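A short write-up of the structure that comes next.
The values are calculated or read from the model by the stated rules, or taken from the named source; none is laboratory data. Since the model is a prediction, treat every value here as computed from it, not as a measurement. Using ideal geometry, Cβ is built from the backbone for each residue, glycine included, and neighbour counts are taken over all protein chains shown. Remember, those area values only see protein heavy atoms, side chains included, never the ligands or the DNA or RNA. Shrake-Rupley method; radii C 1.70, N 1.55, O 1.52, S 1.80 Å.
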Amino acid sequence: MSARLFLAAVVFAGLFGSLVAAPPDPKLWIGKVKWADKYPKTYAAAGGETGGVEVVGTYETPDGWEAKEVQVDYLPKTGGVVKTVKPVKLAAGKWGAIDDTTKKVIPAKVPLAPGPWTVRVLITYQRTVDGATERVPVMTSFAHVEVK
């Protein structure tokens, strides 16, 4: 009796393992949003400006989708109201600020008061299927920084 039970458990584990390991349906994949290496990072106050955090990263857009907008959200690490920064831009698979002379993406500076903060980036993807427009937000992992 215990041999049958053991065999049933092995078969169940094998079936469950193969279902868990199966790749996701590509129709459900809507994009990836990632921080660049070593970002977000803080910057010190200088020349009368307040300190804050620099944000920059990458995004991938699947076939049929379009990256429409990006926003940086931040809130005190201890909790509170989420606030949004607007001057972050999308360009050629990267997000951050756009350098006026080179037109390349550089880290965007977000001024923040001193203290611990939680930061995330949200990119909204869009596609149209059968005349209906779908908009889906995809975010980075939450990052914790301390502005001095």
For Gly52, only one of the following conditions fails: (1) more than 15 Å from the chain's Cα centre (by Cα); (2) open to solvent by 40 Å² or more (accessible area, probe 1.4 Å). What is its number? (2)
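Give, as residue ranges, the strands (runs of 3 or more DSSP E) completely inside region 85-148 that count at least 2 residues that are open to solvent by 70 Å² or more (accessible area, probe 1.4 Å). Before the answer, list the steps.
Numbers: elements: 89-91, 94-98, 108-111, 115-129, 132-139, 143-147.
The strands (runs of 3 or more DSSP E) meeting that bar are 108-111, 132-139, 143-147.
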Every residue in region 73-84 that is of a type in the set (Ser, Thr, Tyr) and either outside any loop (DSSP other than H, G, I, E, B) or touching a helix residue (DSSP H, G or I) at 6+ places or on another chain (Cβ under 8 Å) (or both), please. Tyr74, Thr84
Give region 55-84 a look and list any residue that's open to solvent by 40 Å² or more (accessible area, probe 1.4 Å), within 18 Å of Val145 (Cβ to Cβ) and hydroxyl-bearing (Ser, Thr, Tyr), or say none. Thr78, Thr84
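For the structure I just gave you, tell me whether Thr42 is without any contact (Cβ under 8 Å) to a residue 24 or more places away in the chain and either closer than 20 Å to Pro137 by Cβ or not in a loop (DSSP other than H, G, I, E, B) (or both). Walk me through how you get there before you give the answer.
Numbers: without any contact (Cβ under 8 Å) to a residue 24 or more places away in the chain: no; either closer than 20 Å to Pro137 by Cβ or not in a loop (DSSP other than H, G, I, E, B) (or both): yes.
No.
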